Protein chains: 4
Amino acid sequence: MANQPKTAKQEAILHAAAQLFARQGYAATSMAQIAAAAGIGKGTTYAYFAGKEDLLLKVFQWHYGRMEDKLNVSIAALGGTASQRLTAMNDAIMTSWTEFKDLFGLVMEFWVASTTPRIRSHFQEAFRGGYQHFRQVVAALLEDGIARGEFDPTVDTKALAAVMVGSWDALLLQAWFDEGFDPLATSRVHMQVLLKGLAA
Amino acid sequence: MANQPKTAKQEAILHAAAQLFARQGYAATSMAQIAAAAGIGKGTTYAYFAGKEDLLLKVFQWHYGRMEDKLNVSIAALGGTASQRLTAMNDAIMTSWTEFKDLFGLVMEFWVASTTPRIRSHFQEAFRGGYQHFRQVVAALLEDGIARGEFDPTVDTKALAAVMVGSWDALLLQAWFDEGFDPLATSRVHMQVLLKGLAA
Amino acid sequence: MANQPKTAKQEAILHAAAQLFARQGYAATSMAQIAAAAGIGKGTTYAYFAGKEDLLLKVFQWHYGRMEDKLNVSIAALGGTASQRLTAMNDAIMTSWTEFKDLFGLVMEFWVASTTPRIRSHFQEAFRGGYQHFRQVVAALLEDGIARGEFDPTVDTKALAAVMVGSWDALLLQAWFDEGFDPLATSRVHMQVLLKGLAA
Amino acid sequence: MANQPKTAKQEAILHAAAQLFARQGYAATSMAQIAAAAGIGKGTTYAYFAGKEDLLLKVFQWHYGRMEDKLNVSIAALGGTASQRLTAMNDAIMTSWTEFKDLFGLVMEFWVASTTPRIRSHFQEAFRGGYQHFRQVVAALLEDGIARGEFDPTVDTKALAAVMVGSWDALLLQAWFDEGFDPLATSRVHMQVLLKGLAA
DNA sequence: CATGAATGAGGCTTCATTCAT
DNA sequence: GATGAATGAAGCCTCATTCAT
């Protein structure tokens, strides 16, 4: 899923599209707006992307790729106990998302894109794969913790991984609707309680 | 927020719209389709709803009201320890949602509707209020558990409530993308670990 | 052209329609509005009038009849020299129109109705007849003045009558666009100059 | 008020719209018809005009500008006594209008447009200004005649100017309804009588 | 007679996409 | 390659008119 944009222009379009989709929504964003924001002609977009739907998909893949990279890097850099590594990962993700908070609107657009029949297949598959990947990464950390004797070996690691991954979505979602909500602090509380409950 | 449809026809429209929005998405659904699905003329819809946006909002309020009612009923019926009540509530919600799983597409549409500038205010506010309400309900149960000496009194009940509420969204979301994913079982595992971590 | 409304309800509809056509224009007025303003049900209008176009025509005939009556009465009451009678008639008409100034919007609607292909025939004919009638009345007064030796016998009475009749339209039209314009005073100046130019 | 169309296509649209508005009326003319008559696609119109109302306004400004130009030219070319110049101007206007007689339907549409609430402001103001301009031009000629000792100095030049300007509207209006009516000849009679009545 | 709920034709407008320059 | 003028499908919505009650 490594779709790095080849041209600077291609990246400019992706960037503009991502911004606008996030801010106004996919439906409310016109190709003309994207082209204008990217500083190119209206027709040029079609030299790089097959159409509006394809552009959405490419924006998705682009962001997904960047997020995966970031996650892989931070995981690689992790050290210490499984608890520490889980906590570090949680922090890394919540922090990085909170940085460009408004880009979370994009994620919601991606979710909804999986509703529209014609686009569904692409996104549904991509999301399923993405969730499975992240769950697996987290589950591996949990299993590592079990192997090290940190965590209760009877716990269902897959299920717990799903909840942890889901909590990232869920807390950012609540932050989306509520300015006063602090997703990072909330997720830390969650981690603490979980780790306590997980203790061997 | 009790917006019960008065007329049978009004309800038929709401029903048709909800179905189609859930199945195809808001943008991909035309007013003509809704009218046809409701078995009425194209113009009749406008006698009951101000337009397409209004219809989405009313569908939202209708479903939200029904969900709130269901939650209130199930809470009222709860008994036993705080742990038991929390578990029962979690089960009730996950079960009821899993029943009409495809309606979850609607929720995603509502989320995204909060992105579109013109509709944003209505939905943003409604969702913020909704989340606050549900978090409060759960937090109250947690505090009750602390008062009863079941739970660790140092825990941040608000944060934990947010995570629990969020886990409903998050697990259903993953189930949306992955047929093989079992949100109810997963949430039960989550509850167990949480309750263990919460223990006084 | 005596189309007196038979029923009180019929007159109420005509009244409401006239008001609304004058205020908002024919196109911008809906049958629903007219019915509401007349205090009757939306369907009832069709028991008295064939449709919207017919209603416009009937409003026209109603007003035209009332104006003709008024003119005939004032002419009958006229006395004195031809100059005095012309002046009196001019004053009567300009005064009566200035009274319900906003109804002049109706006259413009009638003019334009003569543009729309399907309605054209009715209005075109009615207006042609109306103008011919008024021109004839004025021309008769002018010829009477000639017979009495007041006016220059070489003058083209028909042409002059047309101008006098036209000046009523024209000055009210300018008053329609310009609040500060005084059609009555202006028409009196016109009459004076005309009469001076007409003197035997 | 110099709104010359820049593109050939823009002018084609204006032309087509003017024709159709004049022939069928504004309300009875659809944007699709205009596009077809202009030989372009349905959507192209919106690249040049903001919408149907804007198109009407632009047609108005276009025609008004052309008429003003014509008037200014003919006035500049005038010579001789004030009486001769007034007569020449009267003839020039009536002649030029009679040439494209059917375009007079447009003027009526413009009048009525000043009735519709939302468009009113634009047209009302434009017409008020237009009338004031034309009255001023005529009044200046009359005052010139007074200065030259041709006309009675006690006459109200403004009022008379309003009547003269109005007579152009009024006589063309009557000609609109009556094929047999000769507005040019009629206006000449009017001028003669007026000039006689104006004589010093 | 009166009503007003229901209808559907028809209009305006938007916008993704194409293609000649 | 890049452009933006042009297109026309498609959607939302209004409203005159009908008809069962």
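Between A:Ala113, A:Ala47, A:Ala36, the residue with the greatest mean-square fluctuation in the GNM of chain A (Cα pairs under 10 Å linked by springs) is A:Ala47.
Summarising the rotation from chain B to chain A, the nearest chain B beta-carbon to the axis and its distance in Å are given as B:Gly197, 1. Counting neighbouring beta carbons within 10 Å and listing from fewest to most, the residues D:Met94, D:Met31 come out as D:Met31, D:Met94. Using a Gaussian network model of chain C in which every pair of alpha carbons under 10 angstrom is joined by a spring, one finds that among C:Lys58, C:Lys158, C:Lys42 the greatest mean-square fluctuation is at C:Lys42.
For the stretch D:118-200, applying the loop criterion from DSSP together with a ceiling of 11 other beta carbons within 10 Å to the GluC sites (Glu not before Pro) yields D:Glu179.
In the assembly of identical copies, B:Leu103 has its label point, taken 7 Å from Cα in the direction of the beta carbon, separated from the corresponding points by 3.6, 6.0, 6.5 nm (ascending, one decimal). The label-point distance for B:Glu11 and D:Ala185, in a model that sets each label 7 Å from Cα toward Cβ, rounds to 7.7 nm. Note on A:Asp144 and A:Ala47: their simple-model spin labels are 4.6 nm apart, each label 7 Å out from Cα toward Cβ. In a shell of Cβ-Cβ distance under 15 Å around D:Gln132, excluding D:Gln132 itself, what net charge do Lys and Arg (+1) and Asp and Glu (-1) give? Taking every Cβ under 15 Å from that of D:Gln132, the sum is -3.
Work out the P(r) tail for the stretch D:63-198: percent of alpha carbon pairs separated by more than 23 Å, whole number.
Working: 3258 of 9180 pairs.
So the pairs more than 23 Å apart make up 35 percent of the total in the stretch D:63-198.
Per residue, the average separation of C-alpha pairs within less than 8 Å and at least 6 apart gives chain A a relative contact order of 21 percent. Between identical copies, the spacing of A:Glu125 label points, each set 7 Å from Cα toward the C-beta atom, reads 4.3, 5.9, 7.2 nm from nearest to farthest. The calculated 222 nm mean residue ellipticity attributable to helices in chain B amounts to -25000 deg cm²/dmol, summing -39500 (n - 2.57) over DSSP H runs of n ≥ 4 and dividing by all residues. Summary for D:Asn72: label point 7 Å along Cα→Cβ; distances to the equivalent points in the other copies, ascending, 5.2, 7.2, 7.3 nm.
Listing B:Leu86, C:Leu195 from fewest to most neighbouring C-beta atoms within 10 Å gives C:Leu195, B:Leu86. Between C:Ala199 and C:Arg118, the FRET efficiency estimated from the beta carbon spacing at R0 = 60 angstrom works out to 0.80.
Starting with the fewest neighbours, write out C:Asp178, B:Asp169 ranked by other beta-carbon atoms found within 10 Å of each beta-carbon.
On the way: C:Asp178 18, B:Asp169 22.
Ranking C:Asp178, B:Asp169 by Cβ neighbours within 10 Å, fewest first, gives C:Asp178, B:Asp169.
Since every read-out is calculated from the coordinates, none of them should be taken as a lab result. In this text the structure is predicted, and so the values were computed from the model without any measurement. Note that each Cβ is placed from the backbone with ideal geometry, even for glycine, and that neighbours are counted across all protein chains shown.
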